[in-house]
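Please read the structure below before turning to the comments.
The values are calculated or read from the model by the stated rules, or taken from the named source; none is laboratory data. Since we're looking at a predicted model, the values are computed, not measured. So basically every Cβ, Gly included, is an ideal-geometry build from the backbone, and we count neighbours across all protein chains shown.
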Amino acid sequence: MRKGTICYVDQNSGHGIIKDENEQRIQFFLMNLQEEVRLNDEISFEIELTARGLVATQIHVVNTTELTS
């Protein structure tokens, strides 16, 4: 499992970006998520090489950011 942080989520286009421990940016697709993610959530994930390049899969939240009022 790799580790990283959610650095971008676009609900309209259905994708997001993870920045991993090596500062590499890897995209993911919202339709493949098993749980809700938020910006700055720390996550673990696997990667797959697809026709579109590297894609994060099996994303699990390790430490979530708390919303404050």
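Quick one: which of 23, 36 is within 12 Å of the chain's Cα centre (by Cα) and of a type in the set (Asp, Glu)? Step through it out loud before you land on a result.
Working: 23 fails: within 12 Å of the chain's Cα centre (by Cα).
Being within 12 Å of the chain's Cα centre (by Cα) and of a type in the set (Asp, Glu) holds for just one of 23, 36, which is 36.
Each residue in segment 1-11 was checked for being farther than 13 Å from residue 57 by Cα and at pLDDT below 95, and 1 of them qualify.
When residues in segment 11-69 are screened for being outside any strand (DSSP E or B) and either of a type in the set (A, V, I, L, M) or at negative phi (or both), 25 of them pass. What do you reckon, is residue 49 without any contact (Cβ under 8 Å) to a residue 24 or more places away in the chain and not hydroxyl-bearing (Ser, Thr, Tyr)? Taking the combined requirement at face value, the residue satisfies it.
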